[in-house]
Amino acid sequence: MARTAYSAAGAATVGPYSHAVAAGEVVYLSGQTPLDPKTGKLVAGDVGAQTAQCFENLANVLAAAGLTLDDVVKVNVFLTDIGDFAAMNAVYATKFAAPYPARSTVGVAALPLGARVEIEMIARRG
C-alpha cells in the first residue's frame, strides 16, 4: 500500500519527515514540538504554553488531512521533566472530550531544539 503524506503550512519540520502519513483509514501524525511555524523558533513560556503550541501545530496537521481532534484515537506525550505532567495535563484536558483517546506520557532525557514537550497522535477516518 502506498503512503499518502500530508503537510501543513501551520506546522514546522526540523528534519526529513512528513507531518502525517495515511495508511488506509489510519493517519499517523509525526511528533510536534512547540515551534511557532511563522518564526521556526520555540514559543516562549512554560510547559503549558509549549503544550498549547504543540496542539495548535497538530490541529493544523489534522486539518491538512481532513481530520480534527475528534478523530484522534491515540496520543503519545513526551516530557523532559515528568514534574511538568500536571501543567501539560491541564492544557491537554481542554483539547478532548469523553470518550478520550488512549494516551501514554513518557519522561525523556531531551527533545529537539530544547523543547520541554513533544506530542504525536494517531487518528482514524470515519
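Bear in mind these aren't lab numbers, they're just calculated from the coordinates by the rules spelled out. Just so it is clear, the structure is predicted and the values come from calculations on it, not from any experiment. All Cβ positions, even for glycine, are placed from backbone atoms using ideal geometry, and neighbour counts span all protein chains on display.
Things to note:
- Debye log10 I(q)/I(0) at q = 0.10, 0.11, 0.17 Å⁻¹ for the chain, Cα point scatterers: -0.28, -0.34, -0.82
- Estimated FRET transfer efficiency (residue 44, residue 4; beta-carbon r; R0 25 Å; 0.05): 0.10
- Degrees between helix 47-64 axis and first principal axis of the chain (Cα, 0 to 90, nearest 10): 10 degrees
- Cβ-Cβ FRET estimate between residue 25 and residue 89, R0 fixed at 25 Å, reported to 0.05: 0.30
- Measuring nothing but alpha carbons in segment 1-65 and taking Rh as the Kirkwood radius, the Rg to Rh ratio lands at 1.01.
- Here the residues 6, 28, 17, ranked from fewest to most Cβ neighbours within 10 Å of their Cβ, fall in the order 17, 28, 6.
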